[in-house]
Amino acid sequence: MQQRARTPVQDWTTDWDHLDPQWIEDPYPIWADLRQKCPIAHTERFNGVYLPTRYADVRAVAYDTDHFSSRRTAIRETHHESGGGAPPITSDPPKHRLARMVLLPPFTPKAIAALEPKARRICNQLIDAFIDKGSFDGAVDYAQHIPVRVIAHLLGVPEDDGDLFRDWINAVLNEGITDYERMMRGLVEMTDYFRPLMEQRRKHPGDDLISYLVKQTYPDGSPFKDNHVLGSVRLMLIAGIDTTWSGIGSCVWHLATHADDRRRLVADPSLMPTAIEEFLRAYAPVTMAREVKQETEINGCRFKQGEMVLLSFPAANRDPEMFPDADKVIIDRKENRHAAFGLGIHRCIGSNLARMELTVAVEELLKRMPEFGIGGEVTWSEGTVRGPRKLPLKIG
Ligand code: HEM
């Protein structure tokens with residue numbers, strides 16, 4: 001990763017940095033400390049960013065679209081916009097509504113149930129490749145491939161193009177935080193890949209998501225602009241891959257490091273739905289950002305116009321005021337209104353798909369290898385999507 005040497009953080013309340021190795025390794029104690037000391041921290045890094053750590057404050061920002069804009073949804077070293085936008089995630093009201101409504105039908109529970117057999121086949125093909133080897137990497141050999149192949153199938157593009165997709169996601173979500181040129185190269189490559197496909201699907205529509213998007217119209221009857229379709233397709237890759245891959249990876253990591261929970265799930269698969277929700281809560285992968293559009297105050301903290309807010313749904317999910325024993329993973333937790341899929345108007349459109357993929361990935365793995373454990377050094381991603389990137393496991 002091409003990244004400038006970073007000054008280590010001395011004071012997390014006034015100088016926090018989500019790219020600091022301590023945060024990347026284990027952010028939970030940092031957030032717990034901030035929640036006690038000053039629930040809304042600030043940093044001058046990245047041109048000024050606020051960090052709410054309590055559920056109530058994260059929720060207040062997420063719901064307040066009058067003062068907080070989604071125009072910029074990532075914290076970057078530079079002040080550039082996110083490069084063409086990705087509606088609806090980068091849209092504010094009133095434009096947000098239409099961009100969102102159009103994406104809902106392909107992600108209904110019924111539409112997602114139809115994809116489940118495909119997802120099970122993908123998982124089993126991946127497991128076939130390593131089950132007899134005695135070891136595998138839960139992130140590299142398993143988690144990262146599942147969402148890429150499912151999304152490729154949805155978009156009607158070759159599943160083998162997964163490496164390309166991952167490279168673009170890395171450009172936008174990781175390296176792009178500190179390297180603007182790298183982010184733009186990724187965005188241009190994505191556009192060059194999808195534009196001809198959009199043309200082709202206009203002429204020869206199929207039953208894929210690109211064909212669905214190019215035939216959508218605005219209320220005045222005019223067709224969706226190319227940039228709108230491109231933005232939404234880009235969003236499918238950026239929102240649908242890294243997130244779910246990280247979510248699956250964290251489930252597998254937990255089961256590898258907590259034999260008691262793993263054995264309990266194997267013995268009683270009816271616990272699967274509450275276990276998946278609990279993994280989503282405890283290891284929520286996605287942190288977003290907002291730009292302060294207009295000065296305001298929340299919980300005694302003034303938010304200055306033009307600065308950013310890191311909207312940590314993962315920190316909200318560990319708030320003990322909202323979740324008793326918040327740092328404990330309780331796989332049969334009953335009350336679990338977690339914020340892993342966001343809060344407010346931008347709540348995740350792909351949550352049915354994500355839940356299905358997480359469930360299927362864990363179920364198929366446990367069916368075929370009920371016993372596995374950590375086999376080497378685990379590393380975690382940097383940036384705003386959190387999950388294991390190296391997860392060496394030994395089988396048996
Ligand atoms: C475990 C996996 C996932 C997690 C944790 C997750 C999390 C989130 C979160 C926190 C938001 C809110 C963003 C904000 O407030 O700015 C969001 C929005 C969104 N997600 Fe997901 N997501 C996941 C998977 C997916 C998948 C598989 C798709 C689709 C392929 C998807 C599509 C979207 C879209 C389109 C939005 C924007 C909705 C809007 O702006 O109205 N996500 N997601």
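Rule-based calculations on the coordinates, nothing more; no lab input. What you are looking at is a predicted structure, and each value in this text was computed from that prediction instead of being measured. Here the Cβ positions follow ideal geometry from the backbone for every residue, glycine too, while neighbour counts run over all protein chains shown.
A few points about this structure:
- Distant alpha-carbon pairs in the range 102-148 (separation over 16 angstrom), percent: 49 percent
- Mean separation of Cα pairs under 8 Å and 6 or more residues apart, divided by the residue count, gives the chain a relative contact order of 25 percent.
- Leading residue at positive end of dipole, the chain (Cβ point charges), from Ile349, Cys123, Leu237: Ile349
- Share of pairwise Cα separations in the range 21-395, more than 34 Å, in percent: 26 percent
- Assigned charges on the beta-carbon of Lys, Arg, Asp, Glu; the chain dipole about Cα centre (debye): 940 debye
- Candidates per trypsin sites (Lys or Arg not before Pro) in the range 7-75, loop by DSSP, up to 15 other Cβ within 10 Å: Arg71
- Panel order for Met369, Met322, Met308, Met101, by other beta carbons found within 10 Å of each beta carbon, from fewest to most: Met101, Met369, Met322, Met308.
- Inter-site label distance for Val140 and Lys110 at 7 Å from Cα along Cβ, in nm: 4.4 nm
- Listed pairs Lys37/Lys293; Lys328/Lys367; Lys95/Lys304; Lys110/Lys367; Lys334/Lys390; Lys367/Lys394 exceeding 23 Å between Cα atoms: Lys37/Lys293; Lys328/Lys367; Lys95/Lys304; Lys110/Lys367; Lys334/Lys390
- Listed residues Val362, Leu154, Val309: farthest to the positive end of the dipole of the chain (Cβ charges): Leu154
- Considering only Phe224, Trp253, Val286, the residue lying farthest towards the positive end of the dipole of the chain is Phe224, judged by Cα position with unit charges set on Cβ.
- The alpha-carbon of Lys215 sits under 17 angstrom from the alpha-carbons of these lysines, leaving out residues fewer than 8 places away in its chain: Lys203, Lys225.
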